[in-house]
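**Q** Sharing a structure below in structure tokens format, with a few things to ask.
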Amino acid sequence: SDIRAADPGWQEICGFGASLSRPVLHGDRIYGLSSKEAPRFRVVAADIVDPSREWKTVLPASPLVLTSLGAANDALYIQALDGGISRLLRLPYDGVKAQALTLPFQGTIREFVAAPQDRGVLVRLASWTHPSTWLAYDPGSGHFLDLGWDPVPGADFSDCAGLEVHDGLEGHRDA
């Protein structure tokens, strides 16, 4: 139907019971985070052209807390938290297993941008011992590139270390 018509023919994509958030589109598929039977979220997908719109799990729930999605040209990128530390996953559209990307340092992803016309993803990563840094992930090389968009701080943090503590037990040192 015509969007300019008096009745454009809106169709419901999902109801409240789907517990869907952060929807993104890639082609004729819609992806989203679902908390239905997954308190830390799972990634689900459905064909938006198919009237039955059966939601299928494409990334099951895990110990990670899934927080955001981005649909790039090459893959779905998933932002997650692991004990307060940001993680980034890459899930190719061809159904290959999700890959955990190795960020240049442990910290918090403050911003996360994926565009359907571009390959890869942009992230702004920061931590207690590393200043805010804009990075571009290149899926061809599998590496992150510092874009140099953030000013270099006047302070030297190279002698600083962050200590990750879980349940009172010492964990990872960020140095």
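The values are calculated or read from the model by the stated rules, or taken from the named source; none is laboratory data. Remember, predicted model here, so these are calculated numbers, not experimental data. Positions of Cβ are generated from backbone atoms using ideal geometry, with glycine treated the same way; all protein chains shown enter the neighbour counts. We work out accessible area using only protein heavy atoms, side chains counted, and drop any ligands, DNA or RNA first. Shrake-Rupley method; radii C 1.70, N 1.55, O 1.52, S 1.80 Å.
**Q** Residues of the stretch 11-51: accessible area per residue at 1.4 Å, in Å²? Before the final figure, lay out the partial values.
**A** Values: 2530 Å² over 41 residues.
It amounts to 62 Å² per residue over the stretch 11-51.
**Q** I would also like to ask the following. Quick one: pull the percent of accessible area on the stretch 9-158 belonging to carbon and sulfur, 1.4 Å probe, ligands and nucleic acids left out.
**A** Details: 4630 of 8500 Å².
Carbon-and-sulfur percentage of accessible area, whole number: 54.
**Q** While we're here: When you count, for each residue, the other Cβ atoms within 10 Å and take the mean per peptide, how do 39-45, 145-151 rank with the highest first?
**A** Numbers: 39-45: 19.3, 145-151: 11.4.
Ranking, from highest mean packing down: 39-45, 145-151.
**Q** How charged is the neighbourhood of Ser35? Take every other residue with its Cβ under 15 Å from the Cβ of Ser35, and add Lys/Arg as +1 and Asp/Glu as -1.
**A** On the way: positive: Arg22, Lys36, Arg40, Arg42; negative: Glu37.
Surrounding charge for Ser35 is +3.
**Q** Quick one: grab the alpha carbon gyration tensor of the stretch 33-74, order the square roots of its eigenvalues as a ≥ b ≥ c, and give me rounded if a/c is under 1.5, else prolate or oblate depending on whether a/b is larger than b/c. Provide the component values of the computation, followed by the final result.
**A** On the way: a/c = 2.78, a/b = 1.38, b/c = 2.01.
Oblate is the answer for the stretch 33-74, as a/c is 1.5 or above yet b/c matches or exceeds a/b.
**Q** What accessible area per residue comes out for the stretch 52-92, rounded to a whole number of Å², with a 1.4 Å probe? Walk me through the intermediate numbers first.
**A** Values: 1590 Å² over 41 residues.
Computed with neighbouring chains in place, this is 39 Å² per residue.
**Q** Then there's this: How would you classify the stretch 82-136 from its alpha-carbon gyration tensor, with a ≥ b ≥ c the square roots of the eigenvalues: rounded for a/c under 1.5, else prolate if a/b is greater than b/c, otherwise oblate? Show your work: numbers first, answer last.
**A** Working: a/c = 2.85, a/b = 1.54, b/c = 1.85.
Because a/c hits 1.5 or more and a/b fails to exceed b/c, the stretch 82-136 counts as oblate.
**Q** Using 0.36 nm per residue of separation minus the Cα-Cα distance, give me the extension gain between Asp156 and Asp94 in nm, one decimal. Each step should come with its number before you reach the end.
**A** Working: separation 62, 0.36 × 62 = 22.32 nm, distance 4.40 nm.
Gain in length upon complete extension: 17.9 nm.
**Q** Rounded to two decimal places and with Rh computed the Kirkwood way over Cα pairs, what is Rg over Rh for the stretch 3-155?
**A** On the way: Rg = 17.2 Å, Rh = 16.8 Å.
Rg/Rh: 1.03.
**Q** Same structure again: What ranking, highest mean first, results for peptides 93-106, 112-125 when packing means the other Cβ atoms within 10 Å averaged over each residue? Intermediate values should be presented prior to the final figure.
**A** Working: 93-106: 13.5, 112-125: 18.2.
The most tightly packed comes first, giving 112-125, 93-106.
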